[in-house]
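Here is the structure we will look at, set down as structure tokens.
The values are calculated or read from the model by the stated rules, or taken from the named source; none is laboratory data. Bear in mind the structure is a predicted one, so any value in this text is a computation, not a measurement. Glycine also receives a Cβ, built like all others from the backbone with ideal geometry; neighbour counts cover every protein chain displayed.
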Amino acid sequence: MKSSAKTNQSAALTRKGIQSSLVSVAGAIGRPVKDQDGRDLGKLVDFVVKHGGETYPPVSGLIVKVAGRRAYIDGARISKLTKDEVILSSAKVNLSEFQRRTGEQLLDGDVLDHQIVDVNGLRVVRTSDLYLAPLDKEIRLVGVDVSFRSFIRRIFPGTFGRKPGVDKVIDWASVASLADNGGVVRTTATREALSRLRPADIADIIEDLEGREQSALIELLDPDLAADALEEMEDEDLQGLLRGISDERAAELLSHMEPDESAEVLRDLDDEHSESILAQMSPAMAKQLRRLVEFDETHAGGIMTSHLLIVKESDSVSDALALLVEHRERDISDGVTVVDAKGKLLDHIQIIELIAAKPTQKLETLVKAPFPTAVSIETPLEEVIEEFSNNRGSSIIVVDEKGKPVGRILADDIIDAMVPAESTGLAQGTGALS
Amino acid sequence: MKEVLTSRKLRLGAFLAVMGPGIIAGLSDDDPAGITTYSQLGAQFGYQLLWVLGISTIALILFQDLGARIGVVTRQGLIGLVRQKYGARSGLLSATALVLANIGTMTAEFAGIAAAGSLFGISKYLTVPAAAILVSFLVLRGSFARVEKVFFILASVFIAYVIAGFMAKPDWSAAAEGLFVPSMPFTQEALFIATATLGTTLAPWGLAFIQSYAVDKRLTKSDLKLLRVDVWTGSLLTGIIGFFVVVTCAATLNANGQTVIDDASQAAAALKPLAGELAKEVFAIGLIGAALLAASILPLSTAYAVTDLTGRPAALDDKVEEAPLFHSTFAAITLVAAILVLIPGVPLIKILVLTQIVNAVLLLPLLFYMFGIARDSRLMGEYRASDRMLAIYGVIIALIFACVSTLIWLTIFG
């Protein structure tokens, strides 16, 4: 299958002599396991690899079918591994049963034919084959073959079916294997590779993954990055995803998202589910989101973000700047909202004005026209849009009935509110299920 | 924001906006092949083989229900799951079986179009290419959602059989006996139509479809109850319509000595007690609606299921070079089916029934894999099928196997 994605020849794979000694995992399964004298002991069922800090995990053991029983043989006893057979270093076979230990993965059972994320190619694929090679004194998993050709190759019997097709091999270091094996398999390399992706790419990958792998990927990501990716996803996909992960993890992710986006997600979930997620959050965050969820999406309160940096008019410029620095990771922190002693809205002051002023200056001296546009929580969406087009500002402050600022509406919140109504014509109902 | 909008992918779930999956899967059985097979069953054997339909309906309910459960619990499509659990050969085998069966079913849909056209005196060389172009255009342009209701309403004309069944004043006690007391002449004809009935009712594409749908809509265990209600309703509706088709044909065609159906007008004659002189037109409209509906969903759902092999879900708006497997499956099903029907002198009604025998044969590997998945506690967890359910699945699979192998035996040596 032709693919436009980048394939990354690994450092390990191009190292001289390694290519010729690659062993195809798909081909080796079912081959004879022999002792030093060439006596058949049984047939190879699976390879066990141990994930640790290393980029290329070593084979820690074999599962071999001996006289109808599955036995575990320690990896240290492998003397030689070729594409046709496995030779053990001693004749004694201790027929212990395989017990999965933390970080262990079965190559045929957990990885082969399962979905993986090709981090460089930014796509989700099934593994057609896996390649082992001797490296640093151990037999290690070095490469993944995701080509459709190798998949077809495996259909054929005989030596042809076991021949590695090394032209389309991806370095093991640049894939994320998300196989659900009940244990924890996460190499630091995978984590690092994933953290380099843009949120929009991660969102695309999440949508291409099947349920279990999807949940596994979410568990693997840094919460901030995962939250950014979630914000890029379609509502319908996002809801499906949230139903597939634990309430605890869902609460963590929603806490990292912009509050208005989280509220929108929670609003669409059924009450029972959203309550059980809220119960896992910090009380302050849950309280804030509960209030946002209450608001109708067709009114200012429903589309605003409640993230505001509020300062008193008696505070100094340096106080305001310190607050901005503290919240610098929020991309909406472009200034501070100034209130009077009673908490009523006075002005919104941009960062540039704060920088131009003296650090010791009181904020009240900066309060002057142009004043920000303010609307009440109940203002209908159409009027909010009108205010935006009249004032050409980048944001509007939302105030409660006492004139206290409770949130802000940014231009992109307006776009969010307007777009779904027009773009989801196809995805609205779920037929008899809705 | 712009990026999110352009990356939106048109997938199976979003494609089917109006109907529930159970109803759609049920429709695969009230398509031209189903109606014709049931008509033949009633015309040829009266009420005697109604029990075959009864068993087929039970099998449909059980396996559709299993497919829904597998989809919801594993959150994977059938073909991908088979590759994952059984390896490359089985993955390719199941995908091939699905594609072949669906080429057969698609051929039956086009044969239905051709038969309906012939009732109005229009040549199949006009109607079949027109239908093939129409459905490909609607589906690939993404405008299917706007017309699916129209097709659905046309197809629902077949509910007329329920009324026609009562108006034909059938022998209800004979019908009850045929439904509950199994008996069968041990002839090739009887076995042929019984196998076709199994194959058309428990169609392979319905099984793959229900699972894909559950995965694509990201349905979870909490949705399972609703999904099962939908599946049971759809399957039962199929059985009920099928029952009335058989009863109507038994009371009209069979009672009047018309035991062989060679062309569509003979099948349409069963609707005379209800529609009188309009029977042909009513029958033709139903055929067209059901055929177009199934022909729109079938190649698409097959293409989605097959891309499971690569593990990279395709989308309707992917370019040809981005998703070659998706587009080649879609094209193969539509083209091969249309060409088969257009072979000069090919007997349309025979094709309609024969493709359902092929369905029954190709069902076997798929049901076998589903059985294996159902008993895998690592995949299914608490939803693993109980030993009693597994025994019932086993009996159904054995029954289909017995029908198919006896039929092959009789055909070769009989």
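Scanning the range A:277-288 for residues that are at pLDDT 85 or above and either at positive phi or surrounded by 15 or more Cβ atoms within 10 Å (Cβ to Cβ) (or both) yields A:277, A:278, A:280, A:281, A:285, A:286.
Do any helices (runs of 4 or more DSSP H) entirely within the range A:235-308 hold 2 or more residues that are of a type outside the set (Val, Ile, Thr) and over 25 Å from the mean Cα position of the chain (by Cα), and if so, which? Give the steps one after another, and end with the answer.
Working: elements: A:235-244, A:247-256, A:259-268, A:271-278, A:283-294, A:300-303.
So the answer is A:271-278, A:283-294, A:300-303.
Going by the conditions given, is residue B:129 at pLDDT 90 or above and either in a loop (DSSP other than H, G, I, E, B) or under 18 Å from residue B:242 (Cβ atoms) (or both)? Here the answer is no, as residue B:129 does not meet what is asked. Only one entry of B:107, B:96 meets the criterion of being surrounded by 24 or more Cβ atoms within 10 Å (Cβ to Cβ) and modelled with pLDDT of 90 or more, and that entry is B:107.
On inspection, residue B:234 fails the criterion of being within 20 Å of residue B:54 (Cβ to Cβ), away from chain A (no Cβ under 14 Å) and either surrounded by fewer than 15 Cβ atoms within 10 Å (Cβ to Cβ) or not hydrophobic (A, V, I, L, M, F, W, C) (or both).
Hey, any hits in the range B:257-274 for a residue that's in a helix (DSSP H, G or I), small (Gly, Ala, Ser) and surrounded by fewer than 20 Cβ atoms within 10 Å (Cβ to Cβ)? So that I can check it myself, show each step before the final result.
First, the residues of the range B:257-274 that are in a helix (DSSP H, G or I): B:264-274.
Now narrow it down to the ones that are small (Gly, Ala, Ser): B:264-265, B:267-270.
Adding the requirement that they be surrounded by fewer than 20 Cβ atoms within 10 Å (Cβ to Cβ) leaves B:265.
Yes, because at least one residue in the range B:257-274 is in a helix (DSSP H, G or I), small (Gly, Ala, Ser) and surrounded by fewer than 20 Cβ atoms within 10 Å (Cβ to Cβ).
Residue A:169 fulfils the conditions (1) within 14 Å of chain B (Cβ to nearest Cβ); (2) modelled with pLDDT of 70 or more; (3) under 16 Å from residue A:112 (Cβ atoms) except for a single criterion, (1).
The residues in the range A:119-149 that are at positive phi and either away from chain B (no Cβ under 14 Å) or surrounded by 24 or more Cβ atoms within 10 Å (Cβ to Cβ) (or both) can be counted, and the count is 2.
Given the condition in a loop (DSSP other than H, G, I, E, B) and more than 13 Å from the chain's Cα centre (by Cα), answer yes or no: does some residue in the range B:19-28 qualify?
Kept after step one, since they are in a loop (DSSP other than H, G, I, E, B), are these residues of the range B:19-28: B:19-20, B:28.
Filter once more, keeping what is more than 13 Å from the chain's Cα centre (by Cα): B:19-20.
Taking every residue of the range B:19-28 in turn, at least one turns out to be in a loop (DSSP other than H, G, I, E, B) and more than 13 Å from the chain's Cα centre (by Cα).
For residue A:396, the requirement of being closer than 19 Å to residue A:410 by Cβ and either in contact with a Leu (Cβ under 9 Å, 6 or more places away or on another chain) or in contact (Cβ under 8 Å) with a residue 40 or more places away in the chain (or both) is met. When residue B:320 is tested against (1) surrounded by 21 or more Cβ atoms within 10 Å (Cβ to Cβ); (2) touching a His at 6+ places or on another chain (Cβ under 8 Å), just one condition goes unmet, and that condition is (1).
Would you be able to say whether some residue in the range B:285-295 is in a helix (DSSP H, G or I) and at positive phi?
If we filter the range B:285-295 for residues that are in a helix (DSSP H, G or I), which is where we start, we get B:285-295.
Now restrict to residues that are at positive phi: none.
Within the range B:285-295, none of the residues are in a helix (DSSP H, G or I) and at positive phi.
Tell me, which residue of the range B:377-411 that is surrounded by 16 or more Cβ atoms within 10 Å (Cβ to Cβ) and farther than 22 Å from residue B:201 by Cβ is modelled with the lowest pLDDT? Once the filter is applied, the top-ranked residue is B:379. Residue pairs whose Cβ atoms lie under 9 Å apart, separated by 6 or more positions or on different chains, with the first residue in the range A:107-118 and within 9 Å of another protein chain (Cβ to nearest Cβ) and within 12 Å of residue A:129 (Cα to Cα) and the second among the hydroxyl-bearing types (Ser, Thr, Tyr) and surrounded by fewer than 24 Cβ atoms within 10 Å (Cβ to Cβ), are A:113/B:86.
Among the residues of the range B:291-336, those identified as under 16 Å from residue B:138 (Cβ atoms) and within 12 Å of chain A (Cβ to nearest Cβ) are B:316, B:317. Given the conditions (1) farther than 25 Å from residue A:265 by Cα; (2) surrounded by 19 or more Cβ atoms within 10 Å (Cβ to Cβ), report the number of the one that residue A:301 does not fulfil. Exception for residue A:301: condition (1).
Just to verify a result, which residue in the range A:255-270, among those that are buried (at least 18 other Cβ atoms within 10 Å of the Cβ) and over 14 Å from residue A:306 (Cα atoms), is modelled with the lowest pLDDT? The extreme case among them is A:269.
Of the helices (runs of 4 or more DSSP H) entirely within the range A:317-434, those holding at least 1 residues that are under 25 Å from residue A:288 (Cα atoms), away from chain B (no Cβ under 14 Å) and at pLDDT below 85 occupy A:317-326, A:381-391.
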